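Trainee: Starting off with a structure, shown below.
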Amino acid sequence: MPVSETNSQIIYTALKDCGVRLISVLPETWLVHLVTLAEADADATLVRLAKEEEGIGISAGAHLAGISSAMLMQNHGLLASLNGIVSLAQLYRIPLLMLISLRGGFGEEHPWQTEGGMVTEALLETLRVPFERLQAPGHVAQRVREAQTLANAALRPVALLLCRELMWED
Amino acid sequence: MTQGKVMLRSEALEAMYPNLASCAVVTIMGATASELYALGHRPNFFYLEHAMGLASSMGLGIALSRPEETVVVLDGDGSILMNLGSLTTMARYRPSNLIHVVFDNEALLSVGRTFTTATGTGSSIAAMAEAAGVPRSTTVDTVEGCRQAFQEALAARELTTLVVKVAAQGPANYHIDVHMLENRFEFQRYLTRDRLKAG
């Protein structure tokens, strides 16, 4: 499978270095190695979801209980989570660290991913969710750390977009 | 279905209220929140005033994060029907410190006119919880039955979905004199009180 194990490890290490102890996920191809790493990690609680919006509630509960969390989802999972982001995380000032695989961009072979790819960034802008792209291993640690710092300072959701250049090895 | 006088949600809440003093409580919005508030607000009560469906997910997040805390979610039929997958996620992790109460009035009540939900046309929340793998699920339709089932759930230390059949009737007013953000920070302070003391 040409999903990058090396870069998945770099992302996972960056999350752990930020004190993330609970990770919610709905598995998808680009996230497979990240899920495997979380499964094997005795110091992290992995919550496998039926639908991504549940993760907003779980992260909100974890935050209020004093636990740092991260959410792993595909961009279509972001689309499935909108009311939770607006009516829970933003309304109640809950920091969320959302790592979103940006499917449907240049190089996408699967027709079913393409519509979501075209709306993801515009949607985040409309939601006023600050976001940054993760495109190269060298900037992953710093961007993850800075995203979490902003989320905790602003008490708002932030997003990191997992890009093809980082996640996929053709 | 229920026979005779149908229990009011406020009566069921009153029966549970003494036991809620030592629990972290997450309620859905509308009548449930207002009726719990009317019994007496406590710093361990969080009223989720929107985001329908996510109360059970929030309760799961708290229960997994604070295993020493007993977490009670006060859900409703309309809310859990919007997030049925949550039953399967709760069942997958089955935290022993989580009690999921569902007030089932078979209606979307708080909108101003009674719209029947699917529990009024034959769907059973307790059966769905059981089928999802929730280890304990039961339905009660009397105040005494509710009091007893809730105390059993507290003693069982096992994930429980307790469906409480109640009348489709709300409070005279929906007033809650605690701002959402005030409630949020107060609840966070309650949940992290040990850490604050230690710090």
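The values are calculated or read from the model by the stated rules, or taken from the named source; none is laboratory data. Everything numeric in this text was worked out from a predicted model, so none of it was measured. Cβ: placed from backbone, ideal geometry, glycine included. Neighbour counts: every protein chain shown.
Trainee: If a residue must be within 11 Å of chain B (Cβ to nearest Cβ), more than 13 Å from A:K16 (Cα to Cα) and β-branched (V, I, T), how many such residues does the range A:36-54 contain?
Mentor: Of the residues in the range A:36-54, 1 are within 11 Å of chain B (Cβ to nearest Cβ), more than 13 Å from A:K16 (Cα to Cα) and β-branched (V, I, T).
Trainee: What helices (runs of 4 or more DSSP H) completely inside the range B:116-199 contain at least 1 residues that are hydroxyl-bearing (S, T, Y) and modelled with pLDDT of 95 or more? Steps first, answer last, please.
Mentor: On the way: elements: B:125-132, B:143-156, B:180-191, B:193-198.
Those helices (runs of 4 or more DSSP H) span B:180-191.
Trainee: Let me ask something additional. If you check A:I100 against the conditions, is it touching a residue at least 24 places away in the same chain (Cβ under 8 Å) and within 14 Å of chain B (Cβ to nearest Cβ)?
Mentor: Details: touching a residue at least 24 places away in the same chain (Cβ under 8 Å): yes; within 14 Å of chain B (Cβ to nearest Cβ): no.
When the stated conditions are applied, A:I100 does not pass them.
Trainee: Hey, another quick one. Give just the number: which of (1) away from chain B (no Cβ under 14 Å); (2) on the phi > 0 side of the Ramachandran plot; (3) at pLDDT 95 or above does A:L155 not satisfy?
Mentor: (1)
Trainee: In addition: Residues to consider are A:G61, A:G57, A:G84, A:G77; find the one that is away from chain B (no Cβ under 11 Å) and in a helix (DSSP H, G or I). Break it down into steps so the answer makes sense when it comes.
Mentor: On the way: A:G61 fails: away from chain B (no Cβ under 11 Å); A:G57 fails: away from chain B (no Cβ under 11 Å); A:G84 fails: away from chain B (no Cβ under 11 Å).
Unique residue meeting the criteria: A:G77.
Trainee: For the range A:141-159, give me the residue count where each residue is part of a strand (DSSP E or B) and among the hydrophobic types (A, V, I, L, M, F, W, C). Give the derivation first.
Mentor: First, pick out the residues of the range A:141-159 that are part of a strand (DSSP E or B): A:157-159.
Now drop any that are not among the hydrophobic types (A, V, I, L, M, F, W, C), which leaves A:158-159.
So the answer is 2.
Trainee: Check the range A:128-140 and report whether any residue there is assigned to a strand (DSSP E or B) and within 14 Å of chain B (Cβ to nearest Cβ).
Mentor: Residues of the range A:128-140 assigned to a strand (DSSP E or B): A:131-134.
Imposing the further condition that a residue be within 14 Å of chain B (Cβ to nearest Cβ) reduces the set to none.
Within the range A:128-140, none of the residues are assigned to a strand (DSSP E or B) and within 14 Å of chain B (Cβ to nearest Cβ).
Trainee: So in the range B:145-199, with the set limited to residues that are within 14 Å of another protein chain (Cβ to nearest Cβ) and among the polar types (S, T, N, Q), which one is surrounded by the most Cβ atoms within 10 Å (Cβ to Cβ)?
Mentor: Checking each candidate, the answer is B:N183.
Trainee: If you take the residues of the range B:8-47 that are in contact with a Cys (Cβ under 8 Å, 6 or more places away or on another chain) and surrounded by 23 or more Cβ atoms within 10 Å (Cβ to Cβ), which of them is farthest from the other protein chains (Cβ to nearest Cβ)?
Mentor: Across the range B:8-47, the extreme among qualifying residues is B:A12.
Trainee: Please go through (1) part of a loop (DSSP other than H, G, I, E, B); (2) more than 10 Å from chain B (Cβ to nearest Cβ); (3) at pLDDT 95 or above; (4) touching a helix residue (DSSP H, G or I) at 6+ places or on another chain (Cβ under 8 Å) for A:E108 and return the number of the only condition it doesn't satisfy.
Mentor: (3)
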